[in-house]
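The values are calculated or read from the model by the stated rules, or taken from the named source; none is laboratory data. This structure is a prediction, so every number in the text was calculated from the model and none was measured. Cβ placement follows ideal geometry from the backbone for every residue including glycine, while neighbour counts extend to all protein chains displayed. Side chains included, ligands, DNA and RNA excluded: accessible areas come from the protein's heavy atoms. Shrake-Rupley method; radii C 1.70, N 1.55, O 1.52, S 1.80 Å.
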Amino acid sequence: MIDINKKYKTRDGRDVRIHKVHLHSGSAPWHVEGYIGGKEEYCEFWTSEGRNNLQLESNEDLIEVIETTTLPKSRKRDKCKWDNRFLELAEFYSKWSKDPSTQVGCVIVDNNNIVLGLGYNGFPRGVSDSNERLEDRSIKHLIVQHAEVNAVLNSNGKVTGATAYVTHPPCSSCTGLLIQAGIKRIVTYKASSTLAKRYNASFKASLVMLKESGVEMTTLECKENE
């Protein structure tokens, strides 16, 4: 899969900076947004990364761009604006979590950008979230409810066709929940190296389910501050 942290070059030598990767059902080609040949040209394009099309050379990958569409800056800003706003809201809500190691927030939004539900990771209502329990992973992981679960349960109606904004990539259980709830798009930040290593198997299972169910996942490189 295309990695937003890698440096790419086209076969004709132009620099490629990946900003978003849209995960669709099926395999490559991948639908990508980013910059080709300079930051002034924001594009969406389809890429192929088969064995014959993507190879490591001088610490930079060569990528074959199949089809490119240059997006006007206004559209680029509009596409990024709401994604960043709702991820920032999810980050704000995550601070309500008492988890001492990882605070996760989730915001579910409909097609009109109306918030349907919010959630953060924490213990069920009425269950004591003492420091002793929160510091003991063996106990905490058996009790804690994930942000995605709470966002769905706290929603004010059906979330079918909605988008889930999550501060961290969802685990396989939460991915299954979001799919079952009818979520059609997930937007998140790329996992840290520590988190990716710890939950590698779970994240891989999530990607498989997302591909097969046709749910799109957009991974943002970082906060857009333009």
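Scanning the stretch 89-124 for residues that are open to solvent by 50 Å² or more (accessible area, probe 1.4 Å) and farther than 15 Å from ALA147 by Cβ yields PRO100, ASN111, ASN112, ASN113, ILE114. Quick one: would you say ARG125 is outside any loop (DSSP other than H, G, I, E, B) and more than 24 Å from ARG85 (Cα to Cα)? Spelling it out, it is not the case that ARG125 is outside any loop (DSSP other than H, G, I, E, B) and more than 24 Å from ARG85 (Cα to Cα).
Checked against the criteria, TYR165 does not count as aromatic (Phe, Trp, Tyr), open to solvent by 20 Å² or more (accessible area, probe 1.4 Å), modelled with pLDDT of 95 or more and within 23 Å of SER192 (Cα to Cα).
Given (1) part of a strand (DSSP E or B); (2) over 19 Å from the mean Cα position of the chain (by Cα), where does LYS158 come up short, assuming only one miss? So the condition that LYS158 fails would be (1). Picking from residues in the stretch 176-187 that are free of Cβ contacts under 8 Å to residues at least 40 places away in the same chain and crowded, with 23+ Cβ neighbours inside 10 Å, the one that is farthest from VAL149 (Cα to Cα) is ILE186.
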